[in-house]
Amino acid sequence: MKTSNKFLNQQLLSIYFGLVIAGLFFLFSVFSKLDTWQNLLVSLSIGAAAGAFFYSITKYLLYQQAKSVHQKLGLDRLPAFSFFATKEKRIMDELDNLDNVRLAEIQALKERERYRREFLGNVSHELKTPIFTIQGYILTLLDGALEEPELAQKYLKRASKSIERINSILEDLDFITRLEAGAMVVKQNPYDLHRQLIDILDQMEPIAKERGVKLRLIRNYDPPITVKADPKRIEQVLINLLQNAIKYSKTTNGEVELSISEFSHSVKITITDNGLGIPKHDLPRIFERFYRVEKSRARDAGGSGLGLAIVKHILEAHKQRIEVQSEEGVGSTFSFSLAKD
């Protein structure tokens, strides 16, 4: 029962209790053949006193309940106990919200448990795939493929790639864990963002050409442009976002645009592709660890599945956030800001 209902019942019961006492005393006075009007007045006075006494006792018990809850939850200090309802109204209102708070906490715990199970399942799947691949190659080699040098070298190279993928997953997981735990502090120093962008685009150009994707830099500024951030971590952010944009762009006439807009105190970096886009129901979850929009296709494309999670954590460490807009069949746009020096 909600505390507001308890409080209302308390008032009604106090009135009822007072009337019962007054009625009993009045009946006693009638049967005793005492003066009716005088005893009616006395009966009502005694009833009112009894009702007030019952009211104060039950109110005090509710107050003690509220006090106990406040102490357990570490809420604001309660006002002193008062007979009148006005000072305790806030207490009753807060207790009314406790049921909702409890339900919200239970829901949050269920959500965390769901996320934990899903996360463990994803880690298991991501590691199991390359491990089974390595196991298959080793068994093939042991079954006689070692006698054929070319075949043996081919299988060993493939096994090496699977090991590299496992290392990549573990390194990314370790990196995110250290970021979340505060063990890795971003060192924000002034540096030229323009020069960094040119270097990164040069790195990405061969990958883009291999997939038939055009890379374009749209400048709304005059270089140099100085930002205050951790250049190594921002490089990770840009490479992850550009790799994703190239990977999921159209294989025919694919385009990825990197645009920079300068404002008085910040710089906005936007990466746009004309690829497959992201379904609306997936958008809220794409920054979760290992979350895949299209699981089979994404795993075939490689990567640890942690790129966007790393992007999110790095930008949060810079007191910034990543934003995304996407439409299926049209493409996606990722953007974030950095403080100017």
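3J(HN,Hα) along region 141-149: 5, 5, 7, x, 5, 5, 6, 10, x Hz, from the Karplus curve 6.51 cos²θ - 1.76 cosθ + 1.60 with θ = phi - 60°, whole Hz, x for Gly and Pro.
Local charge for S261 was computed over the other residues whose Cβ lies under 11 Å away, with Lys and Arg +1 and Asp and Glu -1, and equals +1. Candidates S162, I134, P190 compared by Cα position along the dipole of region 127-222: farthest toward the positive end lies P190, with charges placed on Cβ. Among H318, T252, A339, which residue has its Cα positioned farthest towards the positive end of the charge dipole of region 189-339, with +1 placed on the Cβ of Lys and Arg, -1 on the Cβ of Asp and Glu, and the dipole taken about the Cα centre? So the residue we want is H318.
Extents of region 187-341, largest first, come to 43, 29, 23 Å (Cα atoms, principal axes, whole angstrom).
Kindly flag which residue pairs out of K157/K214; K187/K312; K214/K340 have an alpha-carbon separation exceeding 22 Å in this structure.
On the way: K157/K214 31 Å; K187/K312 17 Å; K214/K340 29 Å.
The pairs that break the limit, which is 22 Å between Cα atoms, are K157/K214; K214/K340.
Please pull out the direction-averaged projected area of region 102-192, using the convex hull of its alpha-carbon atoms, in nm² to one decimal place.
Values: hull surface 43.5 nm².
Convex hull of Cα atoms, orientation-averaged projection: 10.9 nm².
Taking amide H positions as modeled 1.01 Å from N, with prolines and chain starts lacking one, the residues under 5 Å from A229 and 5 or more places away or on another chain are N189, Y191.
Quick check on region 189-339: of the DSSP beta bridges with both residues there, what percent are antiparallel, nearest 5%? Please list the in-between numbers first.
Working: 24 of 32 bridges.
Here the share of antiparallel DSSP bridges comes out near 75 percent.
Here, each number is a calculation from the coordinates, and none is a lab measurement. None of the values given here were measured: they were computed from a predicted structure. Cβ coordinates were reconstructed from backbone atoms using ideal geometry, including for glycine residues, and neighbour counts include every protein chain displayed.
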